Amino acid sequence: MFKQRKVRGAAAGLACVAMVATAGILASSASADDTGTDVASRKRAAADGKAPAGDKKLLAAAKAAAEKSAARKKADVGDGSVHLVVGFKPGVEASVATQSLGAAGLRAKTDAALASLNARRVTVPAAASAEAIAKLRADPDVAYVEKDGIARATAVTPDDTHYADQIELPQITVPGAWDLTTGSAAVKVAVVDTGVTNLGGELGDALLPGWDFVNGDSNPADDEGHGSAVAALIAGRGNNGAGTAGVCWQCQILPVKVLDSEGNGTLGTVAAGIKYAADSGVQIINVSLGGYSSSTVLQDAVTYARGKGILVVASAGNDALRDRLYPAAYADALAVGGTDINGDWFLDYDPATGFYGSNWGADWVDVAAPWCTYAPNLAGFANDSGGEDVGKDNYGYFCGTSASAPLVSGIAALVKSRYPGATVWSLQNSLTKTAKQTVTTDFTAFGEVRAATAVTTVDTTAPKITGATPAQSAKFRGTVTVGATGVSDTGGAGMSYGALYADGKYVGRDTTTPYAVKYNSGRLNRAVKFQWKVYDRAGNSAVYNRTLIADNKVPTVKITSGPKNGAKVKGTVTLKASASDSSGIARVELLINGKVVAKDTTSGYSFKIKVSKYGKKIKVQVRSVDKAGNSATTSARTWKR
């Protein structure tokens, strides 16, 4: 088993056959040492007191973000001037407005758009603003005088102390998503990892009771740090004046510990953790770990979760390989790669070790998110060193696709918060449909995620269903095939299935249009209320009601006149019959020697029989058939010729 290493507050692990480790940093499956890995370059950089190329970009971007924030605050304070908007009454000519402003010692800025609204913008020194405002308000031609307020993009900017360091969040437009939702406590995200500890109170009251599959108890505390950083990225409480801001501030976290203090564990344990999470009422499962060996039980666990409507988000791995990492590569999981600060495939080069970065492949990696993030560090909080060195800082860079995956999980949680009825298909579609394709197009199938548009891209339009078969009030007996007609999707998600109910009870479903389901009425003799519910892949539904009449009661029939049983007959004889049924008689049939030889559909049923056409012995019966298809047959009469 390979040991786990620390890197600027990020947990890092190695994967080997039949074993699984945190995907914070994964070494090449072909090597057991540090060569060619992100771990090696970052450890050397920390020892030298220098930041590698990737970190220099991040630090520069973080510094720029801080400077931008400071500049904005300065702009809010202003330069000592007051900006005013002066509105004039309807009918006041432009020349009169100019004279009014001049009388107050002001000159309007050129703005044709505002002028068309009978308004002008002016700037006045703060010291003279009160006098100018008073003069303008006293002018009979002036309708109003207002201070011109400050406007900026509506994206929410939280006040967390380390938010300026979280440059990855604006990169994937998370602040824009916050303008619509910051999450919901009803949304639960499972973190299947090294456990979760509430570092620095980042998670507030987000932690739910979970399970420790490593030690077999109900205390899934984190003894490595990786899972805590992942959880903070997903649901760290934002805008609370401290620490960092997670993507989904109001969401809850279910901690599931499957990896030990070295960041290692077995695929079977991970599968057990996913199954446990799927049965615990979560909507999203984050799996920032993986191995290059596929496992049937792991695939079954992921498929099980997907079948319960749960989105499984998993890291693609960090070896700059096209090799598939599991569970990310399973069809029922959403595989997440890592991007650089330019939104392209994170791939870097260290002269001593070569290339390192996100695993890739548009045939299995679905989307991507920033490779490096800023997160709480267990080692720092445990030592409370106040930043003696990088490894002991309370906060630091957390890098690798282990960081990319929780950013995507957090966005999915925001989507689910805004659209509680969103299906697993909707969540995945909102992420993939709105992703921005990277410059390196064969890196992922869809590109880097975009939170602000993802939270607006859920199909909420109901599909259509315009009819059903058989026709309204049609009679049937036994088993009837009930069909749905005029079914179409109108919102773009595509149809998923149709479900048939009879008298409010589920009968069955069909996943292929045109939908049709069989219903067995048994011995019922009454109206049956059917309802079709058709669903699109986004979970939207439409209904159509139809009432059919179940008729399983046989009609009556008897021979009213004609030769008796055993009679000798010749020439042409007449046989008459009567029949009745509550549903109505469709026809009465004459059977000779077991074969239908004549039919009559008019009451007062009568048949003329030329006996010479038949044998020496003639077996005669009459059968009535009602409009539901039920039938009754008289006892046979045998005639001799």
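Would a scan of the stretch 323-338 turn up a residue that is assigned by TED's automatic domain parsing to the domain that holds Leu254, acidic (Asp, Glu) and touching a residue at least 60 places away in the same chain (Cβ under 8 Å)? Yes: one or more hits. Checked against (1) in contact (Cβ under 8 Å) with a residue 40 or more places away in the chain; (2) of a type in the set (Asp, Glu); (3) in contact with a Gly (Cβ under 8 Å, 6 or more places away or on another chain), Asp489 passes all but a single condition, namely (3).
Scanning the stretch 339-352 for residues that are part of a loop (DSSP other than H, G, I, E, B) and either closer than 25 Å to Leu169 by Cα or not assigned by TED's automatic domain parsing to the domain that holds Thr173 (or both) yields a count of 6. Considering Ala130, Ala108, the condition of being at pLDDT 85 or above and either under 16 Å from Tyr144 (Cβ atoms) or surrounded by fewer than 16 Cβ atoms within 10 Å (Cβ to Cβ) (or both) is satisfied by Ala130 alone. Within the stretch 495-514, residues that are in the same structural domain as Gly483 (by TED's automatic domain parsing) sit with their Cβ atoms under 7 Å from residues that are outside any strand (DSSP E or B) and acidic (Asp, Glu), at 6+ positions apart or across chains, in these pairs: Met495/Asp489. Only one of the listed residues (Ser261, Ser295, Ser288) is polar (S, T, N, Q), surrounded by 18 or more Cβ atoms within 10 Å (Cβ to Cβ), at pLDDT below 95 and assigned by TED's automatic domain parsing to the domain that holds Ser402. That residue is Ser295.
Matching residues to (1) at pLDDT 95 or above; (2) closer than 18 Å to Gly629 by Cα; (3) of a type in the set (Ser, Thr, Tyr); (4) touching a His at 6+ places or on another chain (Cβ under 8 Å):
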residue: Phe530; (1), (2), (3), (4): yes, no, no, no
residue: Gly539; (1), (2), (3), (4): no, no, no, no
residue: Lys576; (1), (2), (3), (4): yes, no, no, no
residue: Gly584; (1), (2), (3), (4): no, yes, no, no
residue: Leu590; (1), (2), (3), (4): yes, yes, no, no
residue: Ser603; (1), (2), (3), (4): no, yes, yes, no
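Comparison of Asp222, Asp212 shows that the only residue that is closer than 20 Å to Ala278 by Cα and of a type in the set (D, E, K, R) is Asp212.
Of Gly281, Gly238, Gly227, Gly290, all but one fail to be in a loop (DSSP other than H, G, I, E, B) and closer than 23 Å to Ile172 by Cβ; the exception is Gly238. Report yes if Arg523 is in the same structural domain as Ser496 (by TED's automatic domain parsing), more than 23 Å from the chain's Cα centre (by Cα) and on the phi < 0 side of the Ramachandran plot, otherwise no. Yes; evaluated as a whole, the condition is true for this residue.
Among the residues making up the stretch 606-620, those that are under 14 Å from Lys595 (Cα atoms) and of a type in the set (A, V, I, L, M) are Ile609, Ile618, Val620.
The values are calculated or read from the model by the stated rules, or taken from the named source; none is laboratory data. From a predicted model like this one, the values you see are computed outputs, not experimental measurements. Counting neighbours? That spans all protein chains shown, and the Cβs are built from the backbone with ideal geometry, glycine included.
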